[in-house]
Amino acid sequence: MIIPMSASMAMLCLVWGFNFVIMKLGNGAFPPVMFAALRFSTGAIVLLGIIFMKKIPLPNKSEFKWFVLCGLIQTTYFNIAIQISLNYVSAGLTSVLTYSMPLFLSIMAHWWIPGEQLTTRKTFGIVLGIVGLFLAMNTHLGGFFWAVLLALSSAVSWAVANLLFKLKLKHSNIIQYTTWQMTMGALGLWIYSLSFEHGESHWGLMPAVYILFSGIVASALAFVMWNHILSRTEASKASTSLLLVPMVGIISGCVFLNESLKIVTLAGILLVLTGIWIVNTKNADKSNRVESNAGNKSL
């Protein structure tokens, strides 16, 4: 089971990291939130088809309210924040700010998830990560500080959704949860786009490719994989895998979008990644010790 899980983690990081480039390109063909609505509608349709073929029943009322709430937080708000930010902030920096989520999830887990309390080491990692965030943010203000904060808020909203999933839904059917939270979230995106956006859409072969990749691969497939991993792993341990996503986003932005990478930005990014690593690796070490002690006792 270790090798398949590791392979899933690696694939997830590659897909989500490269998808920042796809979203940036998609924003050039569609209004940003409309592109997100098209993306998640495509993903939801694919997942609804899977639910129909697998004859997965409708969710019960007790779970459905959490599906809706997570959909609005993780899909609607999260993507509105990212898509708007990408118009003012580089794909690489946006990926760093968004995937600082483990920092916020670790703080939330301290209060609400048993066994994941903050330690001195974790606190130091969080402080180091926050310092790195400010360092990276200051290199790209350019009058758009609000866009940087908006991108950062996407990390907070994703952390809240992950926390709710761990507390309320980790034993639910993964495909069922992913499908309905994505469907509700896509509906919220359409409401926002049709109400507040007025840009033109430019259809063509490549815009269709952007939608299909983001919708099927980076949404339907990737979120099923992520929710599967999250349901079977500690919240902070699962988020460790996401350390690679900002790096993939940065490299992809440089290679495909010719985005520049300054030394100061890189320093801030490295501090963020170091902080997240410090926060999460302690949990892995502690879990290993607990499992080792349990094994020794059984002997």
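The values are calculated or read from the model by the stated rules, or taken from the named source; none is laboratory data. This structure is a prediction, so every number in the text was calculated from the model and none was measured. We place every Cβ from the backbone using ideal geometry, glycine too, and count neighbours over all the protein chains shown. Heavy atoms of the whole protein, side chains included, go into the accessibility calculation; ligands, DNA and RNA do not. Shrake-Rupley method; radii C 1.70, N 1.55, O 1.52, S 1.80 Å.
Brief remarks follow.
- Lys/Arg +1, Asp/Glu -1 at C-beta; the chain dipole; positive extreme among N19, M34, W226: W226
- Annotation: W146 carries an accessible surface of approximately 120 Å², with a 1.4 Å probe and no ligand, DNA or RNA atoms counted.
- Residue ranking by accessible heavy-atom surface, 1.4 Å probe, largest first, among F104, F165, F145 comes out as F145, F104, F165.
- Computed lengthening from W112 to M53, 0.36 nm per intervening residue step minus Cα-Cα distance: 17.6 nm
- Solvent accessible area, Å² - T233, 1.4 Å probe, full protein context: 30 Å²
- When only alpha carbons are used to place a centre, region 60-123 and region 1-59 end up 17 Å from one another.
- A full extension of the chain between H202 and N258 corresponds to an added length of 17.9 nm, given 0.36 nm per residue minus the alpha carbon distance.
- With every protein chain in place and a 1.4 angstrom probe, the accessible-area ranking of H198, H110, H228, largest first, reads H198, H228, H110.
- Inter-label distance for W277 and F124, nm, one decimal - labels placed 7 Å from Cα along Cα-to-Cβ: 1.5 nm
- Other residues within the sphere of radius under 12 Å centred on the Cβ of P31, judged by their own Cβ, net out at -2 (K and R +1, D and E -1).
- Chymotrypsin sites (Phe, Trp or Tyr not before Pro) within region 25-87, DSSP loop, no more than 11 other Cβ atoms inside 10 Å: none
- With every protein chain in place, the chain: carbon and sulfur % of accessible area (1.4 Å): 71 percent
- Rounded, prolate or oblate (a/c below 1.5 giving rounded, otherwise prolate when a/b exceeds b/c) for region 1-153 by Cα gyration tensor: oblate
- Viscosity 1.002 mPa s, 20 °C: Kirkwood-radius Stokes-Einstein D of the chain over Cα pairs, µm²/s: 109 µm²/s
- The helix-based estimate of mean residue ellipticity at 222 nm for the chain, built from -39,500 (n - 2.57) per DSSP H run of four or more residues and divided by its residue count, is -24500 deg cm²/dmol to the nearest 500.
- Residue-by-residue Karplus 3J(HN,Hα) for region 60-70, coefficients 6.51, -1.76, 1.60, Hz, glycine and proline x: 6, 4, 5, 8, 4, 5, 6, 4, 5, 4, 5
- Prolate/oblate/rounded call for region 183-267, Cα gyration tensor, a/c under 1.5 rounded: oblate
- Which of E259, E234 is most accessible, then next, and so on - probe 1.4 Å: E234, E259
- Per-residue Karplus couplings for region 256-264, computed as 6.51 cos²θ - 1.76 cosθ + 1.60 with θ equal to phi - 60°, are listed in order as 9, 10, 6, 7, 7, 9, 7, 4, 5 Hz, Gly and Pro entered as x.
- For region 1-58, the list of trypsin sites (Lys or Arg not before Pro) that fall in a loop by DSSP and count at most 13 other C-beta atoms within 10 angstrom reads K55.
- The overall shape of region 37-112, judged from the alpha-carbon gyration tensor, is oblate: a/c is not under 1.5, and a/b is no greater than b/c.
- Counting only heavy atoms of the protein chains and using a 1.4 Å probe, V209 has close to 70 Å² of accessible surface.
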